[in-house]
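The structure appears below as structure tokens.
Values in this text are rule-based calculations from the coordinates and carry no lab data. This is a predicted model, so every value here is computed, not measured. For neighbour counting, all protein chains shown are included, and Cβ atoms are generated from backbone atoms with ideal geometry for every residue, glycine included.
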Amino acid sequence: MRAPAIAAFVLTLSALLGAAPSHAGGRPIHLKMPKFEVPPRHDREVCLFVRLPRKTSFLNGGLKIVNKGIKSGFATHHFLMWTYQGTHVDEFPTGATPQDGEACLDFGPSDRDQRLLIGGSQSPKYILRSPRGLAQELATVKDRDGKPVLGIILDSHWINSTDKPQSGGVQITLYPSRGKPKRLMQPLFEVLANGFLRVPPGTVRTTSASFPPFIQVPGGLGGGRVPTGPACIVMLTAHMHKRGKDFATQFVNGGTQTLVYETTSYTEPPTLIMNGVRPNPAPMLLKPGESLKYTCTHDNGVTTPVKMGCEEHFPQEGLACSTDRDCSSRGKCTDGTCHNVPGRSIAEVIFAGGGVDGSAKRCAADADCPNDATYTGRCVPANLVFGFTSDDDMCILPGAWYDAIPGAPPGSECDLGLL
């Protein structure tokens, strides 16, 4: 079994050359996600907070990630890590035992979303390095006593398709930058399209959004950062789950759209590196008014297995119908009666006053579904929407960028040699 490549996705942001660097000065940081058990035929995602006393920021020049425990039928869905940038570092759990979570958005203090994406992997061993002249700054924050600490959130998600419990863990090394960087590299992690992802059973639909997004979120959604002026894009890739059929990114300038990246692989999406080292193209200049439009195509039951979910009671139980139009936007007319189609997009959930996860309760048969005040006890075809399990889906544009050089001659705005 191969897990969807959340790895190929993010986390080349420190990465762009692919060999272990030798570093002059500074010591590497060694981290560990202890092994944890994943039940048979289940996903499990856990979180751990690492607190490191440190006087100054860490200039990250590369990393090595080793996912331990991968075997046939047991694989990592993703490993991710962020540096915490909020003001309540003392409110994170202090234990060494990983805790269950969903993208670690339910883990730690109220400002836990104030984070900067560092990297991640899904492969057994992943080694990354930053291009010369670039590094990522991992800033310290102050604890309640005013002492600087580097707080790092570790997120490990594994999929067990075997009939026995399995255990997986992660070992991580962060390498210091080779000398003083000329520019700080920032993570591109554009997730807005997730909010509108909704594919009814038996259909194929596309979902799109743009970078920079039309809304600005303090701290950045998912740990990404958005430029406030001209920026140089140095890496782009893609992330979808198993019902993702196509991912395309276009450069948009006024009414002109130019395709710059496309893949039909959700398991191993290629990484487009733009560092000017042959055969790679030079960094892509993105000026205010220009954008990158990314589009995901998802198939829910046409050429893929349809998403199944536990049916919830229809708001107007027993409402008679002759077509789906007689039911609400969430309803389907079956045997003359309106039934609820499980699975709501993030936008629908937020509009209804909920959180961000409206994915259907996963099931394979009626026996998997409760029969209570919420559920009817039936396992039915469901809408494919954003969700945290491998059976739900996503549409994310990951990458990396740095600030363009102000005052540089036209065509040289991304030339680090000028610095």
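Of note:
- Dipole axis of the chain (+1 Lys, Arg; -1 Asp, Glu on Cβ), positive-most option in LEU259, ILE127, THR228: ILE127
- Cut-off 11 Å (backbone N to label point 7 Å along Cα→Cβ of ASP90), residues of region 119-146: 143-146
- Of ALA75, ALA103, ALA364, the one that fluctuates the most in a GNM where the chain has Cα springs shorter than 10 Å: ALA364
- Student exercise, region 198-307 dipole from Lys, Arg, Asp, Glu Cβ charges, in Debye to nearest 20: 220
- Cα lying deepest toward the dipole's positive end in the chain, options HIS313, LEU59, CYS327, charges on Cβ: LEU59
- Put simply, the amide H of THR203, placed in the peptide plane, has neighbours under 5 Å in ASN300, VAL302, leaving out anything fewer than 5 places away on its chain.
- Cα gyration tensor shape for region 130-229, rounded if a/c is under 1.5, else prolate or oblate: oblate
- Under Karplus coefficients 6.51, -1.76 and 1.60, residue-wise ³J(HN,Hα) of region 351-365 in Hz, glycine/proline x: 4, 7, x, x, x, 10, 10, x, 5, 5, 5, 5, 7, 10, 8
- This model, with +1 at the C-beta of Lys and Arg and -1 at the C-beta of Asp and Glu, gives region 308-382 a dipole about its Cα centre of some 180 debye.
- Computed from point charges on the beta carbon alone (+1 for Lys and Arg, -1 for Asp and Glu), the dipole magnitude for the chain about its Cα centre is near 1860 Debye.
- A full extension of the chain between ASP415 and THR267 corresponds to an added length of 49.9 nm, given 0.36 nm per residue minus the alpha carbon distance.
- Relative contact order (percent, whole number), the chain, Cα cutoff 8 Å, 6+ residue spacing: 21
- In straight-distance terms, cross-link reach from LYS71 covers every one of the lysines whose alpha-carbon lies under 30 Å from its own, apart from those fewer than eight places away in the same chain; here that gives LYS32, LYS35, LYS125, LYS164, LYS242, LYS245, LYS307, LYS361.
- Length gained on full extension, ASP145 to ARG41, computed as 0.36 nm times the residue gap minus the Cα-Cα distance: 32.9 nm.
- Selected from VAL356, VAL170, VAL385 as most flexible by GNM, with the chain as the system and alpha-carbon contacts under 10 Å: VAL356
- Cα gyration tensor category, rounded, prolate or oblate, for region 90-172 with a/c compared to 1.5: oblate
- Using the alpha carbons alone, the radius of gyration of region 6-179 stands to its Kirkwood radius in an Rg to Rh ratio of 0.97.
- Global form of region 308-382, assessed from the alpha-carbon gyration tensor, a/c cut-off 1.5: oblate
- Applying 0.36 nm per residue to the separation of HIS313 and THR374 and subtracting their alpha-carbon distance, the gain on full extension is 21.4 nm.
- Mean separation of Cα contacts under 8 Å, 6 or more apart, over the residue count of region 308-382: relative contact order %: 39
- In region 341-400, Cα pairs under 8 Å separated by at least six residues give a relative contact order of 32 percent.
- Rounded FRET efficiency, nearest 0.05, which uses the C-beta distance separating LYS71 from LYS182 and R0 of 45 Å: 0.55
- Backbone N under 17 Å from the THR203 label point (7 Å along Cα→Cβ), restricted to region 332-354: 332-334, 339-349
- Among SER130, SER167, SER210, the largest mean-square fluctuation in a Gaussian network model of the chain (Cα springs under 10 Å) belongs to SER167.
- Here the Karplus relation 6.51 cos²θ - 1.76 cosθ + 1.60, evaluated at θ = phi - 60°, turns the backbone of region 298-308 into coupling constants of 10, 10, 10, x, 8, 10, 10, x, 5, 5, 10 Hz, with x for every Gly and Pro.
- Computed [θ] at 222 nm, helices only, for the chain once each DSSP H run of length n ≥ 4 contributes -39500 (n - 2.57): -500 deg cm²/dmol
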